[in-house]
Structures are given as structure tokens and as C-alpha cells.
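The structure appears right after this line, and notes come after that.
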Amino acid sequence: MNPWMLYLVWPLIKFLIAFVIVQVIVAAMNWIERRVLGLIQARLGPNRVGPWGLLQIVADPIKFLLKEDIVPSSAEKIAYFLGPMLPLVPAFIVFCLIPFGPPPTFAVTHTNVGLLLILALTSTGVYGIILGGWASNNKYSLMGGLRSAAQMVSYEVPFGLSIVGVLMLCGSLDLVHIINYQAHHVWNVFPQLIAAFIFFVSMNAENNRTPFDLPEAESELVAGYHTEYSAMKFAFFMLAEYSAMLVNCCLMVSLFLGGWTLAIGGYGLTTATLKSMGFMGGLLGTVIFVVKVMTFMMIYIWFRATFPRFRFDQLMDLGWKWMIPLALINIFVTGIVVLAAPEMIINGSVVPVGETILAVAGAATVALTLFLIMKPRAHAPKVIHASRVSEA
Amino acid sequence: MFDVHEMEVNFGPQHPSTHGVLRVILKIDGERIIEAKPIIGYLHRGTEKLFEHMSYPQCIPHTDRMDYVASATNNLGFVETVEKLMGITGQIPKRAQLMRVVLSELQRMSSHLLWLATHAIDIGAMTPFFYCFREREQILDLFEEYCGARLTLNCMRIGGMPDDVTPQWIDDVERFNEKFDAAIDEYESLLTNNRIWKRRTVGIGVISPEEAIDWGITGPPLRGSGVEWDLRKAMPYECYPELEFDVPIGKNGDTYDRYLVRMEEMRQSRRIIHQALPMLRATTPGDIKAKISRVIRPPEGEVYHSIESPKGELGYYIVSDGKSQMAYRCHVRPPSFVNLQALPAMAKGHLVSDLVALIGTIDIVLGEVDR
């Protein structure tokens, strides 16, 4: 193929397709979130515009576009304008690096340092929030900006550390390689259960989602860093936030849940099987990927409906005193187990013993947790009262 | 080297979690509160002065608008005070007394539900808000069924009640009442043992029993500190002595204990209604008014009478000159106003996030604070 086609035109077309699809998903997420929240909270959610309120996805952007764009007179103009743009750009670029299906067709680009690039790009998102919060010249915005700066810097560390265990197992920064590795071994969530947990908690914190939604805590900071933003500028913040959520869910699925594959130990829908099915196989892989991603988006929403908000110092405690040591221990244990028990050949096939031990331990923990959660209770959890009832 | 200075933040009166128009001027060092100064008066309507220019029955709708989320108890306090001034407290028919008890306990539930809803959403838990409102709506429907109004009930008269209740209404109340315990269980399953909820409330805004008494705090905040003082028991009114209920008290005097106390109070209110309804059915329908003259003209004198409103001791002080149909002076002792005094002491040293929890736990209604 013509190198121009191969390296410029074709990726650009794919990027545009990915961009549009991602935007639709982001907009749809907004509707889904409100409907699901409504379902949980004994109310309806948006149901007026179009069938089941589906056109809300269109109505919201129209409203954002048509609303008056208010710029506070005391704002730092340049920084104020830059604020909403900065988080949006990396949030979109990152989608070029995520393989939604078997490459090369279903990924925009394929680099062998994809993971590193994604981490580098997503961590720049916080600049926009700080800048926006500061430039608004509003005390609540400033506090929101500062909170998010501290929070994102703190949780970037466990976020990065939790990936190290995966890298040690798979030996690559290439997401495609990591996904294929999982298809031929086992989903990383089992041998790297602690890492997956830390990754999930940190990604909640990174995205300012409940219970870590302190930067925009409505009841404390009015609207946090975007208090002074209206119309499309506010929509940019929203878009960036939801895009970042989507990116993190994609990463979670790629790193810990086998991406577009549905296989264990090389059996099932591996990349090779999907590729042998041609374009439809690739499409099937993408669907599997999207379903997995949506599951995590649903967990985001579920969390939002369930949890109260942490206080700022408690959030820092959790990050520095629990998440980071836990991530370090995980790296240590993974290292020891993988090194101490290297591969063995059983019945002619190579079996990584250390990884198997970790995977069995992880799977046992998952099973036990599920058992404890699902165990039918005789009646609703009886609440223990600290207060005593004085006798009449 | 570093220019360290505290920031002054104007918290309210337009702020999502000040429960109306409370304004707090905060001096903060980072997120830590150095000083919190509540500023009130944004909802001042001169209700006390208005009372001096209206006949006693005309005052009752104005009492609705003080604690606008608990208007039945406001009515109750006012009519009881006037009855005491006229010396007809003993003449109120049993049926009217029971109706008053049922209405005020329903009102206590609805007020506590609103408190829980807003308190939870202040701390970031979104879902209890909707669950609480689901039940509160049903209580408001019951009010509507009785008197046509949902918030400003105007549902009591000096010497009795304006209208009789129907057997249908009693059945409706019973139906709601029997389901209510399960609803409280549902809220508690979301919050009581939730670790984040506990971290946000345990040890926050501790008031010792001595401090609480010194500040004049009443109601759930006082009982949360472990002082057993409920006017329904301590200075009984209406037919509360005939009804069996417990007074829940806390141990530590923190936000969590006040939360537990209010939750238990809702269960106790349910218990009271559960006992009162059969008694109400047993009384003669229609016997809801004492035989008093149409023109209310209390004899010369002054009286202070207080009841246990959902938020604490709601007291009315009325002076009558014996000649006019209007009060010479009517002073209201609103529980929110007195309880709010403790906010600066409670907030000092805590974080900004705790302030919203504290405003929630005091359970203020600005209509009552400012009058």
C-alpha cells in the first residue's frame, strides 16, 4: 500500500470513525447514567424527549450550544479559555491508542509503548482543571481545582504502580500483546486481583467519580472547578470527564479482563480465532470489548448511587496509606512468585507455575467474595444501634 | 518566606447545602475552618410583630410558615399556649387530642425524613434523598387528605380541631404506618453501617452534655449528647402520658449519634401512631371541639408553654391584656435558632466538608430561625 495511505490517510479515517463513535457513546452514557440512576432511585430519569427520552442525547448538546456563554469579568481570560480545552485534547487522542478490536483494522494505531503513551496523555488532563479552577477567580473553583490537583497527583501513583504487576507478567507495554497474553493464559484480574482492585479504585479517583467526587462536590463547593463555566465550555469539561471514564474502563478491560478476546489458556475466542472469521470476527471482538467496557461504566453509576463522599483528608489517607503500600506489596509478591516458581513443562506444554499460583489464589478470593455477597440472608441486615433507648 | 494567610469564604446565602438562606462566613486555612460565623436574618418576616396585630385564630396560619417543614407542631404549640392562657387545656376532647398527637407524630416523621434526605445528600449519598422523599410524599398525601394542604397545614384550632377525621383517613394512616418500619430499614441499610458514612459522621461536631445544656440545645441534638430530655415525657401535654414510647439517646454527642437518635425517633413516632389509632377509632366521631366562645379573648396574664417539635423545644410566650382579641406580645422560642448557636463551636477545627455535615445535623429551618 502507498505509505501515505498507510500512515496518514487510513489512520485519519479510522480516527474520525473512532472519534464519532466515542462521542456518541459519551453522549449516550450521559443518558444511560441518568436513566440507570433513576431506576435505582425510584424515579424515572429523562423520558420526555423522543422515545424513552433517547433524544436527550441530542437535546443536551443543542442546549449547551445555544446557551449564553458567560465569562466572569474578573477571570483570567486566556487561562479561562484554555481550561476546558486542555483536558479534552488528551482525552480524544488517547482513543487512537486503544485497540477496540483485533488490529490493524479495529485499532487506529498500534505502537509497542501504547500503555506508556496513554498514561502520559491522561495525566495531563488535570492541568485543565487546575487552570480552569484558578482562572475563574472564584474561591470555590479554586478549592475544587486544588482538590483535584492533589487528588489526581496522589492517585496517579497507585494507578501507575498497579499496572507494574501486569507488565511483569506480560512483559510488554503493548496493549495488543497484553490482551493476547491474557487470551493464552488467563485474565489478569485473577493473578493480579489486588492490582485490579487498586486500579479500579484509583480510576474512580482519577475521574472524580463518587465516592471521590470532591473536586466538584456539589454540597460543599457548589460545582467545584467548573462553577463559573457555562454553555459549551462546561460541556467540554463534561465531555472530557466522560471520555476519561471511557478511556479508563477501556484500560481496565484491556489490562485485566482480556480486552476483545473471550478465551482462557488459548481456548475460546482468541485473536487468531476472531481473525480467521474475517471482518465479522473483528466486529464480534469489538462488541465483546464494548460489552465489557459498559459493565464497568455501569459499576461507576452504581457506585455513584450508593456511596457517600469521602472527606479530603480521608481520601489522601486512603491513597497514600493504603493504596500505594498495597500496590508495592503486590509488585513485591508478584515478583517473588514469578521468579521463585518459573515455568514447568507438564504434558509437553509450558505452564507458568508462579502465575498459576497467583491466579488460583485470586480466583479463590473472587469466589469467596461473591459467595459472601450473594449468600441469601434470612432478613435485611439488622442494624446495630450505638444509641441506647432509655426505658420509659 | 511563604505568605501564609487565611482565606475568607462566603458560604451562602445562595449555596446548595445551607438549607435555605443561612450565610456562614468562613475563615479557612487550606480546608480547615478557623472560624465560622453564621449570619441569619435573610428570611425575617417579623412574625412575632404580626401576631400583635391579629386575632388569635388569625395567627395560626402564620405559625405554619415558621418551621415550614413541620407546620402541625407549630400549630400545636400555638393553640396549646392560647388554651393554657384561657385555662381550657383540660376541656379539649379526647378525640381532638388524639388527632393532634397523630398529626404531630406524622409531622415529626416527615420532618425527620426531610432532614435525613438533605443530610445524606450533603454528605454525598444521593439515593437516600429520593427514598426519603418517596415516604415523605405519602405523609404529605395524608395531610392533604385531612386538611387539603400539604405543607402549611393550618390544621388546629384553639379549643380543638377544625374538621373531624374520616374512618378512611385512619385506615390510610394505618396502612402507611405499618409499612414505615421497612422503609426506615431501607435507609439504614444504605447508611448506618456504611464505612464512608461513619467516617464522615463519627466524631464530627461533638457536643458534651454540659455544653449542650449550656448552649440551650434541645431536641435530637441534646439527646444525641446523652441528655434524656423530651418534653413529651418531661412536661407532658395532650394525651402523651397514655401512650407508650421510648426516648432514644446517644452516647458521644457526635453527628453519628444524632443521626441514630433521629432514626430511632422515627420508629418511636411510628409506635405512638400505632397505639393512637385504635384509641382514635374508639372515640365519638364529631367530638372535636371544646365548648368555648367564638370570640377568643383570654384573661389578662402571661404564659409560656413549650412542646417537643421535631427540632427541639418549641416555646410560645404570650402576654394578654385581657381586653383585646389580639396578643399584647407573642414571643416564639424556635429550637433551630437556639441550636444554631452551637455551630461556630462545633465547626472550629473541622474541614469545610464537615461544615455541611454539621449544618445538616443541627437540622435548621431558616423560616424558624429568622421568623
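The values are calculated or read from the model by the stated rules, or taken from the named source; none is laboratory data. Computed from a prediction, not measured in an experiment: that's the story for all the values here. Every residue, glycine among them, receives a Cβ derived from its backbone with ideal geometry; neighbour counts consider all protein chains shown. Heads up: the accessible areas ignore ligands, DNA and RNA and are worked out on the full protein's heavy atoms, side chains in. Shrake-Rupley method; radii C 1.70, N 1.55, O 1.52, S 1.80 Å.
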May I ask you to list the residues in the range A:65-105 that are in a loop (DSSP other than H, G, I, E, B), of a type in the set (A, V, I, L, M, F, W, C), farther than 27 Å from residue A:248 by Cβ and open to solvent by 20 Å² or more (accessible area, probe 1.4 Å)? A:70, A:71
How many residues does the range A:297-320 contain that are open to solvent by less than 20 Å² (accessible area, probe 1.4 Å) and more than 7 Å from chain B (Cβ to nearest Cβ)? 5
Matching residues in the range B:217-242 - criterion: being more than 10 Å from chain A (Cβ to nearest Cβ), more than 17 Å from residue B:335 (Cα to Cα) and crowded, with 20+ Cβ neighbours inside 10 Å: B:237, B:238, B:240
Return yes or no: is residue B:322 assigned to a helix (DSSP H, G or I), over 15 Å from residue B:78 (Cα atoms) and either touching a residue at least 24 places away in the same chain (Cβ under 8 Å) or in contact with a Leu (Cβ under 7 Å, 6 or more places away or on another chain) (or both)? no
Test: residue B:228 is among the acidic types (Asp, Glu), on the phi < 0 side of the Ramachandran plot and not in a loop (DSSP other than H, G, I, E, B): no
Looking only at the range A:183-226, count every residue that is away from chain B (no Cβ under 14 Å) and assigned to a helix (DSSP H, G or I) and tell me the total. 15
Top-ranked residue of the range B:198-216 - restricted to ones that are open to solvent by 10 Å² or more (accessible area, probe 1.4 Å), more than 13 Å from chain A (Cβ to nearest Cβ) and part of a loop (DSSP other than H, G, I, E, B), ranked as nearest to residue B:348 (Cα to Cα): B:206
Please go through the range B:280-299 and give me each residue that is assigned to a loop (DSSP other than H, G, I, E, B) and touching a strand residue (DSSP E or B) at 6+ places or on another chain (Cβ under 6 Å), ordered by number. B:288, B:290, B:298
Residue check, residue B:361 more than 14 Å from the chain's Cα centre (by Cα), closer than 30 Å to residue B:135 by Cα and not hydrophobic (A, V, I, L, M, F, W, C): no
Is it true that some residue in the range B:171-192 is within 14 Å of chain A (Cβ to nearest Cβ), buried (at least 16 other Cβ atoms within 10 Å of the Cβ), touching a residue at least 40 places away in the same chain (Cβ under 8 Å) and not in a helix (DSSP H, G or I)? yes
Any idea which of B:151, B:222, B:140 is hydrophobic (A, V, I, L, M, F, W, C), in a helix (DSSP H, G or I) and farther than 23 Å from residue B:346 by Cβ? B:140
Being buried (at least 24 other Cβ atoms within 10 Å of the Cβ) and in contact with a His (Cβ under 7 Å, 6 or more places away or on another chain): is that true of residue A:132 here? yes
Yes/no for residue A:239 being closer than 30 Å to residue A:131 by Cβ and touching a residue at least 12 places away in the same chain (Cβ under 8 Å): yes
Quick one: which residue in B:136, B:150 is surrounded by 15 or more Cβ atoms within 10 Å (Cβ to Cβ), among the basic types (Lys, Arg), within 22 Å of the chain's Cα centre (by Cα) and at pLDDT 90 or above? B:136
Return the total of residues in the range A:4-33 being open to solvent by 80 Å² or more (accessible area, probe 1.4 Å) and not hydrophobic (A, V, I, L, M, F, W, C). 1
Only one of (1) within 17 Å of residue A:206 (Cβ to Cβ); (2) open to solvent by less than 40 Å² (accessible area, probe 1.4 Å); (3) among the hydroxyl-bearing types (Ser, Thr, Tyr) is not met by residue A:127, so which one is it? (2)
Run down B:40, B:60 and say which single residue is more than 12 Å from every other protein chain (Cβ to nearest Cβ), within 29 Å of residue B:232 (Cβ to Cβ), within 19 Å of the chain's Cα centre (by Cα) and open to solvent by 60 Å² or more (accessible area, probe 1.4 Å). B:40
Looking at (1) open to solvent by 40 Å² or more (accessible area, probe 1.4 Å); (2) out of contact with any Phe, Trp or Tyr (no Cβ under 9 Å at 6 or more places or on another chain); (3) modelled with pLDDT of 80 or more, which is the one condition that is false for residue A:326? (2)
Reported set for the range A:273-295 where residues are within 19 Å of residue A:24 (Cβ to Cβ), touching a residue at least 60 places away in the same chain (Cβ under 8 Å) and either β-branched (Val, Ile, Thr) or surrounded by fewer than 19 Cβ atoms within 10 Å (Cβ to Cβ) (or both) is A:283, A:286, A:290
Every residue from the range A:43-85 that is closer than 21 Å to residue A:30 by Cβ and β-branched (Val, Ile, Thr): A:49, A:57, A:58, A:62
Give just the number: which of (1) more than 14 Å from chain A (Cβ to nearest Cβ); (2) assigned to a loop (DSSP other than H, G, I, E, B); (3) of a type in the set (D, E, K, R) does residue B:251 not satisfy? (1)
Within the range A:106-124, how many residues are under 20 Å from residue A:279 (Cα atoms) and surrounded by 18 or more Cβ atoms within 10 Å (Cβ to Cβ)? 3
The condition of being more than 14 Å from chain A (Cβ to nearest Cβ), surrounded by fewer than 24 Cβ atoms within 10 Å (Cβ to Cβ) and touching a Gly at 6+ places or on another chain (Cβ under 6 Å) holds, among B:293, B:306, only for B:306
Kindly indicate whether residue B:125 is open to solvent by less than 10 Å² (accessible area, probe 1.4 Å), outside any helix (DSSP H, G or I), farther than 30 Å from residue B:323 by Cα and not charged (D, E, K, R). yes
Tally of residues being under 20 Å from residue B:211 (Cβ atoms), within 14 Å of chain A (Cβ to nearest Cβ) and open to solvent by less than 10 Å² (accessible area, probe 1.4 Å) across the range B:314-365: 8
